[in-house]
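S.K.: Here you go, one structure.
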Amino acid sequence: MIEILLCSLFTVFPDYLFRRYMQGKRLGHEITIYSVWYELRYGIVSCLMLTIALITVIFYHHPATTNVTAYFRTIPIVPETSGRVAEIYVSLSSDIKQGAPIFKLDAAKQTAALVLSERRIAEIDAAMKLAEADIAAAQGQVQQATGAYEQALDELRTKVDLQQRNPGIVAGREIERLQKAAETRQGGVAAASAAKLAAETRLSTLLPAEKASAEAARTQAQVDLDKTTIYAGVDGRVEQFGLRVGDFVTPMMRPAGVLIPREAGRSKLYAGFNQIEAQVIKVGMPAEVTCISKPLTIIPVVVTQVQDYIAAGQVRTTEQLIDAQQVTRPGTLTVALEALYPGGLDGVTPGSSCVANAYTRNHDLLAHGDVGGLRWLYLHAVDAVAIVHAMILRLEAVMLPVKTLVLGGH
């Protein structure tokens with residue numbers, strides 16, 4: 001409507017003045033409601049053509065969209081293990097600090113595993129004490145076997161010496177018996193030394209390895225026990241937390257609830273513009289938004305990011321070929337908008353729906369001066385008609401509460 005009224009000032013209105021005052025035709029006589037098309041046909045056609053051109057220029061260079069939302073991220077409250085809820089530390093809706101506990105699962109199994117691992121460590125400590133005693137006992141056995149071996153050697157040397165001095169004084173069978181006894185005592189020394197070495201190896205190698213394994217099992221048991229208490233990973237707010245003691249939760253199918261980070265959805269708006277605006281919308285482009293949750297307010301924003309991909313065209317590897325006609329609706333160009341001034345989005349509830357206008361700004365190009373005459377005039381016209389779109393946005397901001405509360409039946 002604004003475009004038609006604006007264009008009529010340059011087309012229909014001058015045509016009417018020409019016919020009224022130059023041709024002398026009178027309103028209500030020669031110019032009537034029945035003859036208005038014939039009398040003002042040049043002005044009406046020019047007005048319609050100019051209006052279409054103006055609307056095209058406005059909506060192309062100053063794109064608008066109603067697909068604007070203050071998206072916010074939610075963190076699912078999911079335990080790392082399945083279990084039944086034993087304690088709950090938060091209410092249905094409450095603020096929470098990072099590291100604060102949210103709820104706890106039944107930890108009887110994990111506690112028993114931790115106690116068992118601690119008992120195992122105690123057993124290994126006792127076994128190490130026993131191994132020290134075994135080493136001392138083995139040392140005594142080595143000394144005892146060594147003494148017996150030396151005694152057998154001395155007796156053998158004595159008999160051999162007597163036999164050499166007085167042949168026949170010692171029976172040969174006696175010397176053979178003493179040799180066998182010495183060899184037996186030598187084997188006893190080797191056995192006692194091997195027993196000592198085995199006890200030392202057990203104390204220095206086997207038992208420490210078993211203790212390290214038991215300590216690792218205790219650490220694992222402690223980790224499993226700690227996992228039964230679920231903590232908040234960030235500062236935020238727990239909403240609609242309906243979990244109760246006795247409920248069963250699992251990481252795969254039954255999350256406990258959601259945690260909303262404190263600043264989620266309060267710093268950016270995300271808008272979906274028509275694909276035809278891909279060559280117009282650039283980073284740094286000024287824009288304005290008005291949101292349902294903050295009515296009658298125009299918020300100046302700026303384009304901070306333009307997504308290079310359109311979500312409607314994404315594909316995933318499957319066993320079926322992609323058919324192009326499966327994309328029934330053209331996707332939109334995702335654009336991130338941030339408040340131009342600090343605190344500009346204060347009062348805009350995360351998840352709120354908004355309306356946005358972006359404005360092409362050719363000031364730098366015009367100030368450079370390296371443009372032709374017709375292009376200079378066209379760029380001036382593009383910047384000038386932005387006010388029309390700004391007026392439309394303000395009318396929408398005024399009508400938004402009326403459409404929502406009155407015409408919407410709420």
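The values are calculated or read from the model by the stated rules, or taken from the named source; none is laboratory data. Keep in mind that what you see is a predicted model, and the values were worked out from it rather than measured. Glycine also receives a Cβ, built like all others from the backbone with ideal geometry; neighbour counts cover every protein chain displayed. Side chains are part of the model used for accessible areas, which takes the heavy atoms of the whole protein and leaves out ligands, DNA and RNA. Shrake-Rupley method; radii C 1.70, N 1.55, O 1.52, S 1.80 Å.
S.K.: With springs connecting C-alpha atoms under 10 Å apart, model the chain as a Gaussian network and identify which of 154, 235, 308 has the largest mean-square fluctuation.
M.R.: 154
S.K.: Name the residues whose placed amide hydrogens come within less than 5 Å of the amide hydrogen of residue 340, ignoring near sequence neighbours (fewer than 5 apart) on the same chain.
M.R.: 301, 302
S.K.: Right, here's the next one. Cα-based Rg of the range 48-91 per 2.2 N^0.38 Å, rounded to two decimals?
M.R.: Details: Rg = 25.8 Å, N = 44, 2.2 N^0.38 = 9.3 Å.
So the Cα radius of gyration is 2.79 times the expected 2.2 N^0.38 Å.
S.K.: Here is a follow-up. Translational diffusion coefficient of the range 285-345 at 4 °C, 1.567 mPa s, Stokes-Einstein with Kirkwood Rh over Cα pairs, in µm²/s as a whole number.
M.R.: So the translational diffusion coefficient is about 89 µm²/s.
S.K.: Let me check I've understood the local charge: for residue 298, count other residues with C-beta under 9 angstrom from its C-beta, Lys and Arg +1, Asp and Glu -1. What total comes out?
M.R.: Summing Lys/Arg as +1 and Asp/Glu as -1 gives 0.
S.K.: Can you work out the Karplus-derived ³J(HN,Hα) for every residue in the range 110-125? Use 6.51 cos²θ - 1.76 cosθ + 1.60 with θ = phi - 60°, whole Hz, and x for glycine or proline.
M.R.: 5, 5, 5, 5, 5, 4, 4, 5, 5, 5, 5, 5, 4, 4, 5, 4
S.K.: Cut-off 10 angstrom, C-alpha nodes, Gaussian network model of the chain. Which of 155, 263, 239 fluctuates the most?
M.R.: Fluctuation is largest for 155.
S.K.: Could you state the number of Å between the C-alpha centres of the range 230-307 and the range 73-152?
M.R.: 44
S.K.: Further, regarding this structure: Using a Gaussian network model of the chain whose springs link C-alpha atoms within less than 10 Å, name the residue from 373, 242, 343 with the highest mean-square fluctuation.
M.R.: 373
S.K.: While we're here: Working out 0.36 nm times the residue gap between residue 198 and residue 139, then minus their Cα-Cα distance, what length gain in nm do you get to one decimal? Don't jump to the answer; show the numbers that get you there.
M.R.: Numbers: separation 59, 0.36 × 59 = 21.24 nm, distance 1.16 nm.
Length gained between residue 198 and residue 139: 20.1 nm.
S.K.: Also: With each run of n ≥ 4 DSSP H residues scored as -39500 (n - 2.57), what mean residue ellipticity at 222 nm is computed for the chain after dividing by its residue count and rounding to the nearest 500 deg cm²/dmol?
M.R.: Rounded to the nearest 500, the figure is -15000 deg cm²/dmol.
S.K.: Return the carbon/sulfur percentage of the accessible area of the chain, one whole number, probe 1.4 Å, all protein chains in place.
M.R.: 59
S.K.: Then there is this: 7 Å from Cα along Cα→Cβ at both residue 184 and residue 296: what's the point-to-point distance in nm?
M.R.: Label-label distance for residue 184 and residue 296, simple model: 11.6 nm.
S.K.: Hey, another quick one. Taking the alpha-carbon distance from residue 196 and a cut-off under 25 Å, which lysines remain once sequence neighbours fewer than 8 residues away in the same chain are dropped?
M.R.: Reachable lysines: 129, 180, 211.
S.K.: Computed from the coordinates I sent, P(r) over Cα pairs in 20 Å bins from 0, in percent equals one of (i) 21, 41, 24, 12, 2, 0; (ii) 27, 57, 16, 1; (iii) 16, 26, 20, 14, 11, 8, 4, 2, 0. Tell me the label.
M.R.: Of the listed options (i) 21, 41, 24, 12, 2, 0; (ii) 27, 57, 16, 1; (iii) 16, 26, 20, 14, 11, 8, 4, 2, 0, (iii) comes from this structure.
S.K.: Continuing with this model, one more query. When only DSSP loop residues count, what trypsin sites (Lys or Arg not before Pro) in the range 55-125 have their Cβ near at most 16 other Cβ atoms within 10 Å?
M.R.: Here the trypsin sites (Lys or Arg not before Pro) that fit, given the DSSP loop and packing criteria, are 73, 97.
S.K.: Output ³J(HN,Hα) for the range 231-246: one whole-Hz value per residue in order, computed from phi by the Karplus curve 6.51 cos²θ - 1.76 cosθ + 1.60 with θ = phi - 60°, and x for Gly and Pro.
M.R.: The phi angles translate into 10, 6, x, 9, 5, x, 9, 8, 10, 6, 8, x, 5, 10, 4, x Hz.
S.K.: To continue, here is another question. Could you tell me which chymotrypsin sites (Phe, Trp or Tyr not before Pro) in the range 236-309 are loop residues by DSSP with no more than 10 other beta carbons within 10 angstrom of their beta carbon? Can you show the working numbers first?
M.R.: Numbers: sites: 241, 248, 270, 273, 309; in loops: 241, 309.
Passing sites in the range 236-309 are 309.
S.K.: Using 1/(1 + (r/R0)^6) with R0 = 60 angstrom and r between the beta carbons of residue 398 and residue 225, what's the FRET efficiency to the nearest 0.05?
M.R.: Numbers: r = 60 Å, r/R0 = 1.00.
So, using R0 = 60 Å, E works out to roughly 0.50.
S.K.: Kindly report, to the nearest 10 Å², the accessible surface of residue 132 as traced by a 1.4 Å probe over protein heavy atoms only.
M.R.: 90
S.K.: What is the set of long-range amide H partners of residue 297 at a cut-off below 5 Å, with H atoms built 1.01 Å from backbone N?
M.R.: 291
S.K.: Check residue 285: other-chain or 5+ apart residues with amide H under 5 Å from its amide H, H built from backbone geometry?
M.R.: For residue 285, the qualifying residues are 303.
S.K.: While we're looking at this one, here's another question. Can you list the HN-Hα couplings for the range 394-403, worked out from phi with the Karplus curve (6.51, -1.76, 1.60; θ = phi - 60°), rounded to whole Hz and with x for Gly and Pro?
M.R.: Values, residue by residue: 5, 5, 5, 4, 6, 7, 4, x, 5, 5 Hz.
S.K.: Take every Cα pair under 8 Å in the chain that's 6+ residues apart, average their separations, divide by the length, and report that relative contact order as a whole percent. Walk me through the numbers on the way to the answer.
M.R.: Working: 599 pairs, mean separation 100.5, N = 410.
With pairs under 8 Å counted, the relative contact order is 25 percent.
S.K.: Measuring with a 1.4 Å probe in the full set of protein chains, what accessible area per residue, in whole Å², belongs to the range 310-410? Let's see the in-between values first.
M.R.: Numbers: 6930 Å² over 101 residues.
The answer is 69 Å² per residue.
S.K.: Given the range 230-275, what whole percent of its Cα pairs are spread farther than 16 Å?
M.R.: Tail fraction, whole percent: 58.
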